[in-house]
Amino acid sequence: MENKLIFNEVALLWEEEKKTWVKRSTFSVYSLHLHKHLIPAFSRFTDICERDVQSFVSRLLSEGLQQKTVRDILMILHMVLNYAVKYCGWEHRPMDIHFPTKQMNSALHVLSLAQQRKLMLYLSRNLSGYNLGIALCLNTGLRIGEICALTWGDLDLKTGVVHVNKTIQRVYLGDHHSEIVVDTPKTVSSYRDIPLSPDLVNLLRPLKKGIKSHYYVLTNQSKPTEPAPYRAYFKRVLRKLGLPPIHFHGLRHSFATRCIECGCDYKTVSVLLGHANISTTLNLYVHPGLSHKKKVVNKAFRKLQ
């Protein structure tokens, strides 16, 4: 095909078409990676081979990007290349891209029972919207975008359930502009009802009296906060209490771990977390402690004694 479109032209055509088929927040991520990484790397290309992509992946990893982020970028590249083959006369080129073997991460991602008790004691004695949100995440496994989007109307204290039906995130608009968007949850599985413990219900009941149902839990106002400043606040709380500097997502890890440690089946944990399948739960969020592993091994071999 003469005058074949270059990658930059193909990418913009794909982007325009994709815009009508995906959620706004998803399109924002696609657009950000496309303009920040893919177009600068392949702008004038009229053909991209495995060697080109492998070199691109290696460079991104050497610059410090996480493997998950690079894989997400690679997924977008594959969608653009498929579009190029289907509509722009590009040749299909099978690719087998390699990533370095993941090393075990020694960083602590889960609070121990003692650390969790210390955190919960502080939160209950220093109640505020932000502290209440941390307590809710630790006891329900909510994602940070879900807790930022949570309104008082989502907390049904009569039945003792929190309804998860929206999330908040900052989306990329291009030209260095972005905005906060309250959107539907990440996946269909993310729509869920999570039981609240009796202690948490008793903590919430007096706080909810007289509060408008559309007010956000974290701010007690009609205007929400966003994940970035909330993460920063969480880090300050951990430093103040002398607790390990886990990511906010570590609260979700800790919730899943506590559920598994008390004997909860994996399917139930998966549903509580809003995962589409059990394997995601097992691979990402279940980190039994050494004491729990010892109990399991001792119980397994007790009958042989």
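Quickly rank 158-169, 251-262, 51-62 as a protection proxy: mean count of other C-beta atoms within 10 Å, highest first.
Ranked by mean Cβ neighbours within 10 Å, highest first: 251-262, 158-169, 51-62.
Cα axis of helix 67-87 to longest principal axis of the chain: angle in degrees, 0 to 90, nearest 10?
Long axis of 67-87 versus the principal axis of the chain: about 40 degrees.
Once the Cα gyration tensor of the range 134-266 is diagonalised, what are the square roots of 5 times its eigenvalues, in whole Å and ordered largest first, as equivalent ellipsoid semi-axes?
After scaling each eigenvalue by five and taking roots: 23, 20, 16 Å.
If I measure Cβ to Cβ between cysteines in the chain, which ones have no partner under 4.7 Å?
49, 88, 137, 148, 262
Charges only on Cβ, +1 for Lys and Arg, -1 for Asp and Glu: so what's the dipole of the chain about the Cα centre, in debye to the nearest 20?
The dipole of the chain has a size of about 1860 debye.
Counting only protein heavy atoms, what percent of the accessible surface of the range 216-271 is carbon or sulfur at a 1.4 Å probe?
Answer for the range 216-271 is 55 percent, counting heavy atoms of protein chains only.
Around residue 129, what is the net charge, scoring Lys/Arg as +1 and Asp/Glu as -1 over all other residues with Cβ under 13 Å from its Cβ?
Here the count lands on +2.
Return the calculated 222 nm mean residue ellipticity for the chain, to the nearest 500 deg cm²/dmol, obtained by summing -39500 (n - 2.57) across DSSP H runs with n ≥ 4 and dividing by the residue count.
Taking each H run of at least 4 residues, the total per residue is -15500 deg cm²/dmol.
Can you tell me the 0 to 90 degree angle between the C-alpha axis of helix 198-208 and the longest principal axis of the chain, rounded to 10?
80
Which pairs, out of 186/294; 68/299; 166/295; 23/86, put more than 30 Å between their alpha-carbon atoms? Display every interim value, and only then the final one.
Details: 186/294 36 Å; 68/299 37 Å; 166/295 39 Å; 23/86 23 Å.
Over 30 Å Cα-Cα: 186/294; 68/299; 166/295.
Using a 1.4 angstrom probe on the protein heavy atoms only, line up 264, 148 by accessible area, largest first.
264, 148
Could you compute the FRET efficiency for residue 13 and residue 208, with r as their C-beta to C-beta distance and R0 at 51 Å, rounded to 0.05?
0.50
With 10 Å bins from zero, work out the P(r) of the range 1-153 over every alpha carbon pair and list the percent per bin.
Reading the bins upward from 0: 9, 28, 23, 18, 14, 7, 1, 0.
Cβ neighbours within 10 Å, averaged per peptide: list 28-34, 244-250 in order, most packed at the top.
28-34, 244-250
Using only Cα atoms and rounding to the nearest 10 degrees, what angle (0 to 90) does helix 113-125 make with the longest principal axis of the chain?
Between helix and principal axis, roughly 80 degrees.
Pulled fully out, how much extra length does the chain show between residue 92 and residue 177, if you take 0.36 nm times their separation in residues and subtract their Cα-Cα distance? Can you show the working numbers first?
Working: separation 85, 0.36 × 85 = 30.60 nm, distance 3.52 nm.
Difference between extended and current length: 27.1 nm.
Hey, what's the chain come to in accessible area per residue, 1.4 Å probe, Å²?
58
Pairwise over distinct Cα atoms, reciprocal of the mean inverse distance: report the Kirkwood radius of the range 122-193 in Å, one decimal place.
Roughly 13.5 Å, rounded to one decimal.
Just need the Rg to Rh number for the range 185-229, please, alpha carbons only, Kirkwood Rh.
So for the range 185-229, dividing Rg by the Kirkwood Rh gives 1.03.
Find which of 229, 14, 251 sits farthest along the positive direction of the dipole of the chain, computed with +1 on the beta-carbon of Lys and Arg, -1 on that of Asp and Glu, about the Cα centre.
Final value for the positive-end residue is 251.
Ranked by accessible surface with a 1.4 Å probe, highest first, in what order do 85, 80 come?
85, 80
Rank these by accessible area, largest first, 1.4 Å probe: 170, 125, 302.
Output order, biggest surface exposure first: 125, 302, 170.
Tell me, what is the Rg over Rh of the range 181-257, with Rh the Kirkwood radius over Cα pairs?
0.98
The values are calculated or read from the model by the stated rules, or taken from the named source; none is laboratory data. Because the structure is predicted, anything quoted here is derived from the model rather than measured. Glycine gets a Cβ as well: all are built from the backbone with ideal geometry, and neighbour counts include every protein chain shown. Keep in mind that these areas ignore ligands, DNA and RNA; they rest on the heavy atoms of the full protein, side chains included. Shrake-Rupley method; radii C 1.70, N 1.55, O 1.52, S 1.80 Å.
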